[in-house]
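Enquirer: Structure below; questions to follow.
FYI, it's all coordinate maths here, none of it is from the lab. Because the structure is a prediction, the values reported are computed rather than measured. Glycine also receives a Cβ, built like all others from the backbone with ideal geometry; neighbour counts cover every protein chain displayed.
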Ligand SMILES: Cc1cc2nc3c(=O)[nH]c(=O)nc-3n(C[C@H](O)[C@H](O)[C@H](O)COP(=O)(O)O)c2cc1C
């Protein structure tokens, strides 16, 4: 067992670094930069039952701490992912992926999750109830604890693989929602998705994003994401994947110390495509220098 290995609900990963949904494509996009087999795992682009073209352009804006996006779940639909993309991916990637699932109704979520659950390459179903950029679905399920629990229970009945629920930091009582999602059968949590925000054009005073608002991500949200993990950890018994603004090895260490069992990196992949191998080197150096026998020894130490 290597120093960096982690186990998420029975899924053994070589390290705790996972690329976040929507920022890593289907993994193959990064093959020009490095062998993607070095990564713990990655979450595929949010997948819906039917193909989606997403929101109108412009749908990306920048700020000093990262990005705002309002992509709106553009994806080719679950059948294309299963029949066209996974077979190509399996030729170059030996690991398992997190299948990020979204939808606009309970039935859609269930049908999509069930289809992805049947695939060998899928290790974890990541239920996205936190997309701020679509109307009616996504975050609507993640704002209300009863709704989130009902959806979790419905999807739980349709899938056999570990089910992780990805939450929105916009939710008014995140601790309560996470508890209820755990009671409804979730095997893990992903904390958190993007924060709602906006930017205006300084010349016209009008919104930069066609959608007006977008999801704020990148290093600027790290302290807030870290706090969500710290806040929820003592109240649940299931693993947490920390997500939001992680951009270096030191951020990973902080997330684990706050209570995360693994960490997702999103926007930093877009800013620096070599960030995953860099973070892995930093984690190895840290463990060696600090005489950490196993990286899991760091989990939750902020609470001790
Ligand atoms: C361009 C873009 C697209 C995204 N698409 C998805 C998505 O399809 N599903 C999802 O759950 N999260 C999506 N996210 C959110 C990320 O997975 C991640 O939760 C968020 O960006 C916070 O992490 P970060 O600060 O490391 O980027 C997207 C983020 C960005 C920047």
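Enquirer: Those residues that are more than 14 Å from the ligand (Cβ to nearest atom) and either under 16 Å from the mean Cα position of the chain (by Cα) or closer than 19 Å to residue 105 by Cβ (or both), I need them from the range 54-89; list them, please.
Expert: Correct list: 79 only.
Enquirer: Looking at residue 37, is it away from the ligand (no atom under 14 Å from the Cβ), loosely packed, with under 15 Cβ neighbours inside 10 Å and assigned to a helix (DSSP H, G or I)? So that I can check it myself, show each step before the final result.
Expert: Values: away from the ligand (no atom under 14 Å from the Cβ): yes; loosely packed, with under 15 Cβ neighbours inside 10 Å: yes; assigned to a helix (DSSP H, G or I): yes.
Spelling it out, residue 37 is indeed away from the ligand (no atom under 14 Å from the Cβ), loosely packed, with under 15 Cβ neighbours inside 10 Å and assigned to a helix (DSSP H, G or I).
Here's the yes/no breakdown for (1) free of Cβ contacts under 8 Å to residues at least 24 places away in the same chain; (2) touching a strand residue (DSSP E or B) at 6+ places or on another chain (Cβ under 8 Å); (3) surrounded by 15 or more Cβ atoms within 10 Å (Cβ to Cβ); (4) not in a loop (DSSP other than H, G, I, E, B):
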position	(1), (2), (3), (4)
15	no, yes, yes, no
18	no, yes, yes, yes
24	no, yes, yes, no
29	yes, no, no, yes
45	no, yes, yes, no
49	no, no, yes, no
68	no, yes, yes, yes
79	no, no, no, yes
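Enquirer: Looking at 210, 149, which one is surrounded by fewer than 16 Cβ atoms within 10 Å (Cβ to Cβ) and not in a strand (DSSP E or B)? Break it down into steps so the answer makes sense when it comes.
Expert: Details: 149 fails: surrounded by fewer than 16 Cβ atoms within 10 Å (Cβ to Cβ).
The unique qualifying residue is 210.
Enquirer: Could you please find all residues in the range 155-182 being under 20 Å from residue 72 (Cα atoms) and either within 12 Å of the ligand (Cβ to nearest atom) or assigned to a strand (DSSP E or B) (or both)? If you could, list the steps in order and put the result at the bottom.
Expert: Quick first cut of the range 155-182, residues under 20 Å from residue 72 (Cα atoms) only: 165-171.
Scanning the range 155-182 gives 165, 166, 167, 168, 169.
Enquirer: Sort out which residues of the range 183-207 are within 16 Å of the ligand (Cβ to nearest atom) and in a strand (DSSP E or B), and write them in order of number.
Expert: Of everything in the range 183-207, those that are within 16 Å of the ligand (Cβ to nearest atom) and in a strand (DSSP E or B) turn out to be 188, 189, 190, 191, 195, 196, 197.
Enquirer: If you check residue 63 against the conditions, is it in contact (Cβ under 8 Å) with a residue 40 or more places away in the chain and touching a helix residue (DSSP H, G or I) at 6+ places or on another chain (Cβ under 6 Å)? Working first, answer last.
Expert: Numbers: in contact (Cβ under 8 Å) with a residue 40 or more places away in the chain: yes; touching a helix residue (DSSP H, G or I) at 6+ places or on another chain (Cβ under 6 Å): no.
Spelling it out, it is not the case that residue 63 is in contact (Cβ under 8 Å) with a residue 40 or more places away in the chain and touching a helix residue (DSSP H, G or I) at 6+ places or on another chain (Cβ under 6 Å).
Enquirer: Identify the single condition in (1) in a helix (DSSP H, G or I); (2) touching a strand residue (DSSP E or B) at 6+ places or on another chain (Cβ under 8 Å); (3) under 15 Å from residue 224 (Cα atoms) that residue 254 does not satisfy, given that it satisfies every other one.
Expert: The failed condition is (2).
Enquirer: Just the residues that are surrounded by fewer than 22 Cβ atoms within 10 Å (Cβ to Cβ), assigned to a helix (DSSP H, G or I) and more than 10 Å from the ligand (Cβ to nearest atom), please, taken from the range 257-274.
Expert: Hit for the range 257-274 is 257, nothing else.
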